[in-house]
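Student: Quick one: the structure is below, questions incoming.
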Amino acid sequence: MDTPNCFHCGLDIVKEDEIIFDEKKFCCSGCKTVYEIFALNDMTCYYDFENSPGATPQDIKGKYDFLENESIVSKLLEFKEDTTAIVSLNIPHIHCSSCIWILENLQRLQEGIISSQVNFPEKTVRVTFNPTKTNLKAIVNLLSSIGYEPYISLENYESGKINHDRSLTYRLGVAFFSFGNIMLLSFPEYFEVGEYWLEHYKGFFRWLIFALSLPSFFYSANIYYVSAYKSIKSGMLNIDIPIALGIIIFFIRSTFDIVMDYGSGFFDSLTGLIFFMLLGKMFQIKTYSFLSFERDFKSYFPIAITRIKDTVEESIPIYDIQKGDRLLIRNQELIPVDGILITEKAAIDYSFVTGEAIPITKKSGDKVFAGGKQIGKAIEMDVLHTVSQSYLTQLWSNDVFQKKVEQKHKTITDKVSRYFTPILLIISFLGFGYWIFIDLNTAFNVFTAVLIVACPCALALTAPFTFGNVLRILGKKKFYLKNALVIEQLAKVTTIVFDKTGTITTNKKSNITYEGKSLSTIQLGILKNSLQASNHPLSRMLYDFLPDAKKMKISHFNEITGKGIEANIDNHKIQVGSSNFVKKTEETSIQQTTVHIKIDEEYYGKFIFNNEYRKGLSELFNHLSSNYQIKVLSGDNEGERPILEKLLPKNTELVFNQKPEQKLEFIKKLQEKGENVMMVGDGLNDAGALAQSNIGISISENVNVFSPACDAILDASQFQKLNYFLKLSKKAITTIKMSFGLSILYNIIGLTYALTGNLLPLVAAIIMPLSTITIVSFVTIMSNFYSKNLK
Amino acid sequence: MSVIYLLISISIIVAVCFFVAFIWAVKNGQYDDDYTPSVRMLFDDELKKVKPKSKRITKEKQI
């Protein structure tokens, strides 16, 4: 029980704040309260499954008042009847078995909740409750009070229920059913053909096999027919054409064999082939259900906002906001529309948009843009534009977001099949042409046998299994790709464009330096104590930066939004804050973020917050610059140029003062020059560029938090491994090429049987699984080998 | 030897039963979440021990 960390949330306990309750130590009263709730309900085994699994509950007073609005609630509910309602809530904090346990026992914490079920991979909880006894707001408040605050955004408001696509699972099940039973039934005929009993029952066996193959042929394989038809229609030869052709010929030839009593047909190989290919498809789909790659501003924006109308506060859905409305934005709430600030001062954090963690101060009358988060006291603002016409949201009306991108490029398999298909047809016709002069019957046999044998099963399996495997390897290394096609795209990249703030800089910590008269230990202690009560990000950063100090008595404390802190500590008066506040002079250079210090009316100096670049940045850029063109785009001013120039390789192009649309245009221009562009960004202002680029990678400090629509999400801690990921994707392509060689070898062996007219069902039944197994193991071993040995 | 008809039919029927069970399982969403159930099944023991407590305390706490 005796841990230096908080019993509930596991964070370090600051000695002064320690609360001992029930012989357990807590870091704050929030954590203690959660423990109390659980203890009162005899639910403390929450702490048995996992050590300190909890999260400190956030202050949510009034935040969910909008859930009293019936029309909003009805949009969020999955299902509603008189006594039952179901809602699915996304809870980012779900991370361990304790979470599952507590969330599935919610009915013991609140009457009216009937049951709740957690979906761990998706981090959602589905609550069934009785709306006459409780309501959504109460449930959300309960969840928040125990540290599991749900994330409710505009996205939930529109999408409602999510449908799982299970058709591939069905197809696979059907294919396996057919395959298994047919294999069993065709076994006898592999060994003895002329045996008496076999002879006697062969009709029964064969027709049964035929019947069993029908569901596989007509249902499971039908995706290949559809895809082949589509590709013929669009004039793009893809791999599905020879596959579909092979399957159909397979089926016709086998049926013909049975009808004419020539043999038992190839139904075993046919169904096996369909099964294995579907398995490959399944393997290639590796979804990270807790991540979303399709996010736009809707995932960030709240559902409702408080409007002040005739001094009455009311919650309205944000789509109902009209120009001229007066809005109330509380602490930590997102500003949904552009407007003019009415309240005297506001500190707005635009980190969602720009990646910049330090809030910007706005004065009354200033324009505030949508996407910012209010920090501190509640503010009032007048609406200038509606949601869809705001500066940031307008970006989404760009064409890039409108078109559904079908497939931007040809896959490597499709490229090979462009040659494969014609060659295959030529060989089969040549074989047919040769045999037709000798024996018409054999000629038909040869013709069909070639198409059967060459059915590019191994070829089609190569890419899915390689990509599927690489996808998993990358996932383990915290690089999450949207789908397998991204790997191919990664291998083709020629130019890499980086966003600056939040992408190559980290917003977690700043590089702080001090300029001015030196401060004594006592003075540093005073400073640290004065910062303790402030929640301003700069205060927090400076607080963490300063050395530990004794706790002192604070007799007076006043934080002035947008200015700084004034405090009296141990009879010393201290002022910390902006230059204007401390020195009464405007600062000359605006390119630095600074905090000024004044103790006992004497000005000491300033702390300068420099951007902290990510670890291993210049090393990574040096490696990358030998193979790629590198460019850095920034929405900021040129203040950082000299530092960046020193840090990055000489040929790196630096572009500053870029608006979101300009970033998009920049990428477009590069693409018009024939470059394959990879964009690495983080904030919503990069969303356009991420969508326009061939691959958009979004960097995320915490993958559970939201990142804009992109093709891949990279955990920020893995940033320096980017070069490794690019190399691995290239090796994946190499593996595929080698494996193509192998599968063509199998095809040649098969073809020699086919062309000489000797293709027996047994031969087909051996070649097919053999090639499949070797190909699959080859690509798996190779990709694992590369992932381990690359540096 | 015509018992073979019977045997094969039985084997097919059994196979179809399993197939139907599979389809039913997929339809029920049993394959949508393949992690949580594995954790959930370990919880059952704790539940019994705590049941008798009344819910009144809960209510007070909420207010």
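The values are calculated or read from the model by the stated rules, or taken from the named source; none is laboratory data. Just so it is clear, the structure is predicted and the values come from calculations on it, not from any experiment. Quick reminder, even Gly has a Cβ in these numbers, built from the backbone with ideal geometry, and neighbours come from all protein chains shown. The protein model used for the area step is the full one, side chains on, heavy atoms only, and it has no ligands, DNA or RNA in it. Shrake-Rupley method; radii C 1.70, N 1.55, O 1.52, S 1.80 Å.
Student: Taking the Cα centre of the stretch A:1-144 as origin and charging only Cβ (+1 Lys, Arg; -1 Asp, Glu), how large is the dipole, in debye to the nearest 20?
Tutor: Around 360 debye, computed over the stretch A:1-144.
Student: Considering only protein heavy atoms, with the full assembly of protein chains and a 1.4 angstrom probe, order A:TYR350, A:TYR753, A:TYR262 by accessible area, largest first.
Tutor: Ranked from most to least accessible, the order is A:TYR262, A:TYR753, A:TYR350.
Student: Can you tell me the orientation of helix A:240-259 relative to chain A, as the angle in degrees between its alpha-carbon axis and the longest Cα principal axis, to the nearest 10?
Tutor: That helix lies at roughly 40 degrees to the long axis.
Student: If you roll a 1.4 angstrom probe over the protein chains with everything in place, what fraction of the accessible area of the protein assembly as shown belongs to carbon and sulfur, to the nearest %?
Tutor: 56
Student: If you place +1 on the Cβ of every Lys and Arg and -1 on the Cβ of every Asp and Glu, how big does the dipole about the Cα centre of the stretch A:330-376 come out, in debye to the nearest 20?
Tutor: Roughly 100 debye for the stretch A:330-376.
Student: Let me cross-check A:ARG307: its accessible surface, 1.4 Å probe, with only protein heavy atoms counted, in Å² to the nearest 10?
Tutor: 30
Student: Given the -39500 (n - 2.57) contribution per DSSP H run of 4+ residues, what per-residue ellipticity at 222 nm results for the protein assembly as shown, rounded to the nearest 500 deg cm²/dmol?
Tutor: Mean residue ellipticity, 222 nm, calculated: -14000 deg cm²/dmol.
Student: So what's the gap between the Cα centers of the stretch A:197-233 and the stretch A:323-381, to the nearest angstrom?
Tutor: Going from one Cα centre to the other spans 64 Å.
Student: Chains B and A: how much accessible area gets covered up at their contact, both sides added, probe 1.4 Å, in Å² to the nearest hundred?
Tutor: Looking at B and A, the buried total is near 3300 Å².
Student: Given the pairs A:LYS528/A:LYS598; A:LYS32/A:LYS63; A:LYS551/A:LYS598; A:LYS32/A:LYS133, which are separated by over 25 angstrom at their Cα positions?
Tutor: Beyond 25 Å: A:LYS32/A:LYS133.
Student: Placing +1 on the Cβ of each Lys and Arg and -1 on the Cβ of each Asp and Glu in the protein assembly as shown, which of A:LEU624, A:SER52, A:PHE38 has its Cα farthest towards the positive end of the resulting dipole?
Tutor: Of the options given, the answer is A:LEU624.
Student: Ok, one more. Name the long-range amide H neighbours of A:ASN511: under 5 Å, sequence gap of 5 or more, or other chain; modelled H, no Pro or chain starts.
Tutor: A:ASN610, A:GLU612
Student: Report, in degrees rounded to the nearest 10, the 0 to 90 angle that the Cα long axis of helix A:136-145 makes with the longest principal axis of chain A.
Tutor: On a 0 to 90 degree scale, this one is about 70.
Student: If you don't mind, there's one more thing I want to ask. Could you name the aspartates and glutamates whose alpha carbon sits less than 19 Å from that of A:LYS550, not counting residues in the same chain fewer than 8 places away?
Tutor: A:ASP12, A:GLU16, A:ASP17, A:GLU18, A:ASP570
Student: Shifting gears a bit: Given the protein chains as shown and a 1.4 Å probe, how many square angstrom of A:TRP396 are accessible, to the nearest 10?
Tutor: Ignoring ligands and nucleic acids, A:TRP396 comes out at about 20 Å².
Student: Please compute the per residue accessible area over the protein assembly as shown with all protein chains in place, 1.4 Å probe, rounded to a whole number of Å².
Tutor: Spelled out: the 1.4 Å probe surface of the protein assembly as shown, per residue, equals 47 Å².
Student: If the cut-off is a Cα-Cα distance under 15 Å, which aspartates and glutamates reach A:LYS476, setting aside same-chain residues fewer than 8 apart in sequence?
Tutor: List returned: A:ASP715.
Student: Shifting gears a bit: Per residue of the stretch A:169-182, what does 6.51 cos²θ - 1.76 cosθ + 1.60 with θ = phi - 60° give for ³J(HN,Hα)? Whole Hz please, x for Gly and Pro, Karplus curve as stated.
Tutor: 4, 4, 4, 5, x, 4, 4, 5, 4, 4, 4, x, 5, 5
Student: Pairs of Cα atoms under 8 Å, at least six residues apart: use those to get the relative contact order of chain A, whole percent.
Tutor: Averaging sequence separation for qualifying contacts and normalising by length gives 11 percent for chain A.
Student: Rounded to the nearest 0.05, what FRET efficiency is calculated for A:ASP439 and A:SER717 with R0 set to 60 Å and r the Cβ-Cβ distance?
Tutor: E(calc), rounded to 0.05, equals 0.30.
Student: If you don't mind, another one. In whole Hz, what ³J(HN,Hα) sequence does the stretch A:213-223 give by Karplus (6.51, -1.76, 1.60; θ = phi - 60°), x for Gly and Pro?
Tutor: 6, 4, x, 5, 5, 8, 9, 4, 7, 5, 4
Student: Could you tell me the accessible area of A:HIS556 in Å² (1.4 Å probe, neighbours in place), rounded to the nearest ten?
Tutor: Estimated to the nearest 10 Å², A:HIS556 gives 80 Å².
Student: By how many degrees, between 0 and 90 and to the nearest 10, does the Cα long axis of helix A:457-476 differ from the longest principal axis of chain A?
Tutor: Once rounded, one gets 20 degrees.
Student: Let me ask something else. From the cross-link list A:LYS373/A:LYS477; A:LYS415/A:LYS731; A:LYS230/A:LYS482; A:LYS646/A:LYS669, which pairs have alpha carbons spaced over 22 Å apart?
Tutor: Table pairs above 22 Å Cα-Cα are A:LYS373/A:LYS477; A:LYS230/A:LYS482; A:LYS646/A:LYS669.
Student: With all pairs of different alpha carbon atoms counted, what Kirkwood hydrodynamic radius in Å does the protein assembly as shown show?
Tutor: Computed over the protein assembly as shown, the radius equals 31.6 Å.
Student: Residue farthest toward the positive end of the dipole of chain A, with Cβ of Lys/Arg at +1 and Asp/Glu at -1: which of A:ILE100, A:TYR480, A:ILE318?
Tutor: A:TYR480
Student: Same structure, new question: State whether the stretch A:65-151 is rounded, prolate or oblate according to the following rule on the C-alpha gyration tensor (a ≥ b ≥ c being the square roots of its eigenvalues): a/c under 1.5 gives rounded; otherwise a/b larger than b/c gives prolate, and the remaining case gives oblate.
Tutor: prolate
Student: Now for a different question. Using θ = phi - 60° and the Karplus curve 6.51 cos²θ - 1.76 cosθ + 1.60, what whole-Hz ³J(HN,Hα) does each residue of the stretch A:18-31 get, with Gly and Pro shown as x?
Tutor: 4, 10, 9, 9, 6, 6, 10, 9, 10, 8, 7, 5, x, 5
Student: Report relative contact order for the stretch A:461-551 in percent, whole number only (criteria: Cα-Cα under 8 Å, sequence separation at least 6).
Tutor: It comes to 18 percent, rounded to a whole number.
Student: About the Cα centre of the stretch A:65-151, how large is the charge dipole given +1 on each Lys and Arg Cβ and -1 on each Asp and Glu Cβ? Please answer in debye to the nearest 20.
Tutor: 160
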